[in-house]
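Engineer: Structure below; questions to follow.
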Amino acid sequence: FAVVKAKWYTQEVPDGISFCYRLAGTSEWTKLAATAIEPDAETKTYSAVIPGLQPSSSYEIKAVTSSQDDTRIFTFATEAAPSLYNLSFDDWYKDGQVWYPYLQGSNPTVWDSANKATASFIGSSTTPEETVVVSGKAARMESKYAMIAFAAGNLYVGKFNKIAGMGADLDWGTPFSGRPVALKGHYNYKSMPIDRTDNAHKHLVGTMDKCQIQVFLTDWDEPFHINTSKGIFVDFENDKHIIAHAMMESDKTTDGFEPFELKLQYRDVNRKPRYCVISCAASYMGDYFSGGVGSLLYVDEFEFVYE
């Protein structure tokens with residue numbers, strides 16, 4: 001879509017103020033309906049949102065009234081509408097006990113999980129699912145506990161680096177320059193009472209666990225380096241590099257898959273993203289080794305919305 005604005009110079013608002021636009025190289029103009037126009041008498045300007053445009057395309061536009069057209073024609077270009085690899089969660093491969101959410105040798109891999117940290121003592125917490133699905137395969141995330149620690153089933157855009165103490169060292173983010181308005185998909189969740197916590201979250205014992213799905217866009221210079229043992233996480237409130245963010249948390253046990261749509265809240269509409277992060281977890285406090293053993297989250301068929 002595009003947001004456009006024009007100014008009038010008469011004393012009163014001209015009749016029939018609107019915009020006409022067309023794809024560059026074509027001859028037929030499309031005029032916006034009167035209901036799409038938002039005038040501002042104080043500034044003598046009017047604006048509109050033009051929906052349904054093609055990505056990566058050049059357009060021409062002019063201001064019009066009931067009695068005349070502006071002789072000047074202005075041009076603008078729409079951005080690309082990129083996606084990410086394996087948003088369907090159909091691609092997987094297994095190496096020993098470790099499941100990976102991408103095809104062997106794929107470049108870039110985009111997705112990863114904590115499986116390399118957990119597989120040796122509790123098996124892979126994040127695995128492909130072929131029965132409980134919307135289409136093809138889905139991602140299955142189960143929160144587990146072993147004698148060492150609690151591990152939330154998780155899946156994220158980024159890369160697992162190594163085990164760091166009792167936690168993990170990982171990178172969040174993959175290069176991405178699109179500006180979608182939302183992320184939509186399907187999730188299926190079984191919530192369990194929280195029965196494992198660190199010392200700081202013992203007050204949560206007995207409350208119901210929550211799943212968490214979030215997406216955000218940033219202009220970091222490189223992926224964000226997380227270290228769960230040292231408590232190094234993204235500061236969503238104060239990180240000035242975050243351009244847009246959306247998140248859902250729910251303790252509701254669903255009856256099969258339910259659709260969701262996370263509408264991105266843009267903090268700045270002028271800066272261009274450099275990185276995108278999507279993260280999913282069966283236990284919302286999993287970063288703090290807290291959650292309900294047996295909490296189970298399935299996700300399937302994600303898609304960016306650009307309209």
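The values are calculated or read from the model by the stated rules, or taken from the named source; none is laboratory data. These figures come from a predicted structure and were not determined experimentally. Neighbour counts are summed over all protein chains in view; Cβ atoms, including those assigned to glycine, are modelled from backbone coordinates with ideal geometry. The protein model used for the area step is the full one, side chains on, heavy atoms only, and it has no ligands, DNA or RNA in it. Shrake-Rupley method; radii C 1.70, N 1.55, O 1.52, S 1.80 Å.
Engineer: Which whole-Hz couplings ³J(HN,Hα) result when phi for each residue of the stretch 254-266 is put into the Karplus expression 6.51 cos²θ - 1.76 cosθ + 1.60, θ = phi - 60°, listed in order with x for Gly and Pro?
Structural biologist: With coefficients 6.51, -1.76 and 1.60, one gets 8, 9, x, 6, 10, x, 9, 9, 9, 8, 5, 9, 7 Hz.
Engineer: Same structure, new question: Spin-label point model (7 Å from Cα, Cβ direction): what's the ASP95 to ASN227 distance in nm?
Structural biologist: 2.4 nm
Engineer: Let me ask something additional. Return P(r) of the stretch 231-302 (all Cα-Cα pairs; 10 Å bins starting at 0; whole %; ordered from short to long distances).
Structural biologist: Per 10 Å bin, starting at zero, the Cα-Cα P(r) for the stretch 231-302 comes out as 14, 42, 32, 11, 0 percent.
Engineer: With charges only on Cβ, +1 for K and R and -1 for D and E, what is the dipole size of the chain about its Cα centre, in debye, rounded to 20? All intermediate terms of the calculation are to be shown ahead of the outcome.
Structural biologist: Working: 28 positive and 39 negative charges, 82 e Å.
It comes to approximately 400 debye.
Engineer: Now a separate question. Please check which bits of the stretch 153-180 a label hung off PHE76 would reach, taking the label as a point 7 Å along Cα-to-C-beta and the cut-off as backbone N under 16 Å.
Structural biologist: Only 179-180 pass the distance filter.
Engineer: Another question, if that's okay. Nothing charged except the Cβ atoms of Lys and Arg (+1) and of Asp and Glu (-1): what's the magnitude of the dipole of the stretch 8-116 about its Cα centre? Round to the nearest 20 debye.
Structural biologist: Numbers: 7 positive and 14 negative charges, 51 e Å.
About 240 debye.
Engineer: Report the accessible area of PHE76, computed with a 1.4 Å probe over the heavy atoms of all protein chains in place, in Å² rounded to the nearest 10.
Structural biologist: 50 Å²
Engineer: Let me ask something additional. Can you sort MET248, MET192 by solvent-accessible area, 1.4 Å probe, largest first? Each step should come with its number before you reach the end.
Structural biologist: Values: MET248 30, MET192 55 Å².
So the residues, ranked largest to smallest area, are MET192, MET248.
Engineer: Can you tell me the order of 24-32, 127-135 when each peptide is scored by its average per-residue count of other Cβ atoms within 10 angstrom, highest first? Numbers along the way, then the final one.
Structural biologist: Values: 24-32: 11.4, 127-135: 15.3.
With the highest mean Cβ count within 10 Å placed first, the list reads 127-135, 24-32.
Engineer: Each residue of the stretch 52-65 in order: what ³J(HN,Hα) in whole Hz does its phi give by Karplus 6.51 cos²θ - 1.76 cosθ + 1.60, θ = phi - 60°, with x for Gly and Pro?
Structural biologist: With the stated coefficients, the stretch 52-65 comes to x, 7, 7, x, 6, 9, 9, 10, 10, 8, 9, 8, 9, 10 Hz.
Engineer: How high is the FRET efficiency between VAL205 and MET248 when r is their beta carbon distance and R₀ equals 22 Å, given to the nearest 0.05? Walk me through the intermediate numbers first.
Structural biologist: Working: r = 24 Å, r/R0 = 1.07.
Step by step, r from the Cβ atoms, then E = 0.40.
Engineer: Using θ = phi - 60° and the Karplus relation 6.51 cos²θ - 1.76 cosθ + 1.60, list the HN-Hα couplings for the stretch 168-179 in order, rounded to whole Hz, with x at every Gly or Pro.
Structural biologist: Listing the rounded values in order: 9, 10, 8, 10, 10, x, 9, x, 6, 10, x, 10 Hz.
Engineer: Charges at C-beta only: +1 for Lys and Arg, -1 for Asp and Glu. How large is the resulting dipole of the stretch 72-154 about its Cα centre, in Debye rounded to 20?
Structural biologist: On the way: 6 positive and 8 negative charges, 30 e Å.
Using only the charged Cβ atoms, the result is roughly 140 debye.
Engineer: Taking a 1.4 Å probe, which of MET247, MET141 shows the most accessible area, and what order do the others take after it? Walk me through the intermediate numbers first.
Structural biologist: On the way: MET247 95, MET141 0 Å².
Result, largest first: MET247, MET141.
Engineer: A follow-up question, please. Sort the stretch 129-209 into rounded, prolate or oblate with this rule: let a ≥ b ≥ c be the square roots of the eigenvalues of the Cα gyration tensor; rounded if a/c is under 1.5, and if a/c is not under 1.5, prolate when a/b is larger than b/c, oblate otherwise. Numbers along the way, then the final one.
Structural biologist: Values: a/c = 1.83, a/b = 1.31, b/c = 1.40.
Note, shape of the stretch 129-209 comes out oblate.
Engineer: Note the listed values (i) 1.17; (ii) 1.10; (iii) 1.20, then indicate which one is Rg/Rh (Cα atoms, Kirkwood Rh) calculated from this particular structure.
Structural biologist: Correct label, based on the coordinates given: (ii).
Engineer: To the nearest 0.05, how large is the calculated FRET efficiency for SER106 and ALA41 if R₀ is 45 Å and r is the Cβ-Cβ distance? Write out the running numbers ahead of the final one.
Structural biologist: On the way: r = 56 Å, r/R0 = 1.24.
The value I calculate is 0.20.
Engineer: For the stretch 184-289, with the dipole built from +1 on Lys and Arg beta-carbon atoms and -1 on Asp and Glu ones, taken about the Cα centre, which of PHE224, ILE213, GLN265 lies farthest toward the positive end?
Structural biologist: Result: GLN265, furthest along the dipole toward the positive end.
Engineer: Using just the helices of the chain, give the 222 nm mean residue ellipticity in deg cm²/dmol: DSSP H runs with n ≥ 4 each add -39,500 (n - 2.57), and the total is spread over all residues, rounded to 500. Before the final figure, lay out the partial values.
Structural biologist: Details: 1 runs with 8 residues, N = 307.
After summing the helix terms and dividing by residue count, I get -500 deg cm²/dmol.
Engineer: Could I ask something else about it? Ranked from the most accessible area to the least, with a 1.4 Å probe and all protein chains present, what is the order of LEU53, LEU103? Show your work: numbers first, answer last.
Structural biologist: Values: LEU53 25, LEU103 80 Å².
The ranking, largest first, comes out as LEU103, LEU53.
Engineer: What number comes out for accessible area per residue over the chain if the probe is 1.4 Å? Units Å², please.
Structural biologist: Values: 15520 Å² over 307 residues.
Accessible surface, normalised per residue, equals 51 Å².
Engineer: Hey, quick one: spin label on TYR266, modelled 7 Å out along Cα-Cβ, who in the stretch 225-245 has an amide N within reach, i.e. under 16 Å?
Structural biologist: 242-245
Engineer: Going toward the positive end of the dipole of the chain, with +1 on Lys and Arg Cβ and -1 on Asp and Glu Cβ, which of TRP29, SER279, SER66 do you reach last?
Structural biologist: SER279
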